[in-house]
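A quick write-up on the structure given underneath.
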Amino acid sequence: MLTNVIAKMGNEHGWTFISVRDPSQAAQAIDFAKGKFGPTVVNIEDIDRVTHKRDQLCNDILNAIDGIDSKNQEILVLVTTNHLDRINEVMLRPGRLDLHVPINAPDAQSVETLLRKQAGDLLEPNESITEACDNLAGTMPAVVTEVVTRAKVVALNRKLNGGELRVTSVDLNFVAHSMEEHRRLAMGKSIIDERSDMEKAAEILGKHLASLPA
């Protein structure tokens with residue numbers, strides 16, 4: 001998402017954007033951009049795959065970024081990684097990669113922003129979704145999106161049975177809890193909950209009713 005924004009902003013200011021999916025081709029892409037397109041952003045995905053050790057491929061990338069023929073070029077090299085610890089320290093030296101921008105998992109407040117944006121008009125503006133946000137804090141945006149998608153399906157089923165087409169806090173809580181095992185598996189952890197969906201839903205509904213003012 002961030003690189004997509006950078007690409008659009010760069011284009012608006014006259015910068016060419018080159019995306020490199022195969023990091024082994026990073027040096028060639030940087031050399032290709034030199035002097036051909038004017039100001040250029042070269043985006044290299046998963047750079048750790050080729051810079052985790054100091055070999056000839058790593059040296060070629062370093063020379064392309066920081067070589068003598070790169071000094072007067074208007075080239076911004078943007079690299080992404082999920083494993084910063086696997087990038088060789090020589091790559092992180094100032095003059096090569098100057099700025100580290102961490103993209104952390106969203107906190108509860110950010111989750112609420114994502115939930116409301118994804119749900120749109122189906123979620124009432126004054127609907128309290130604090131419990132779902134707290135439950136989803138620290139998970140990746142794709143999980144939050146999936147929660148809203150499944151909650152919309154719940155709302156649609158309710159509509160087909162004569163109910164109102166809207167996403168509620170109960171829907172979000174139910175889906176978030178139902179995905180807990182999925183999230184644990186993604187993190188390499190698994191705790192089996194042998195209760196039925198009806199039992200899980202009853203617990204969630206009970207917590208919701210208990211939180212309502214008397």
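For the reader, a short list of remarks on this structure follows.
- Here the gap between ALA142 and ASN4, fully extended at 0.36 nm per residue and compared with their Cα-Cα distance, gives a gain of 48.0 nm.
- Amide proton proximity set for PHE17, modelled H, under 5 Å, gap of 5+: VAL41
- Cross-link pairs exceeding 31 Å in C-alpha to C-alpha distance, out of LYS8/LYS34; LYS8/LYS36; LYS34/LYS117, comprise LYS34/LYS117.
- Charged side chains reduced to their Cβ positions (Lys and Arg at +1, Asp and Glu at -1) give segment 102-160 a dipole of some 320 debye around its Cα centre.
- Each Lys and Arg adds +1 at its Cβ and each Asp and Glu adds -1 at its Cβ; summed about the Cα centre, segment 1-73 shows a dipole of about 100 debye.
- Residues within the reach of a label modelled at LEU99 (point 7 angstrom out along Cα to beta-carbon, backbone nitrogen below 18 Å), restricted to segment 26-55, are 39-45.
- Between ALA108 and GLU45, the FRET efficiency from the beta-carbon distance, with R0 = 30 Å, is close to 0.55.
- Centre separation in Å (Cα based) which lies between segment 12-87 and segment 96-167: 35 Å
- Shape call, segment 1-103: gyration tensor on alpha carbons, a/c limit 1.5: oblate
Here, each number is a calculation from the coordinates, and none is a lab measurement. The structure displayed is predicted, hence computed values, not measured ones. Methodologically, a virtual Cβ is constructed for each residue, glycine included, from the backbone with ideal geometry; neighbour enumeration extends over all protein chains shown.
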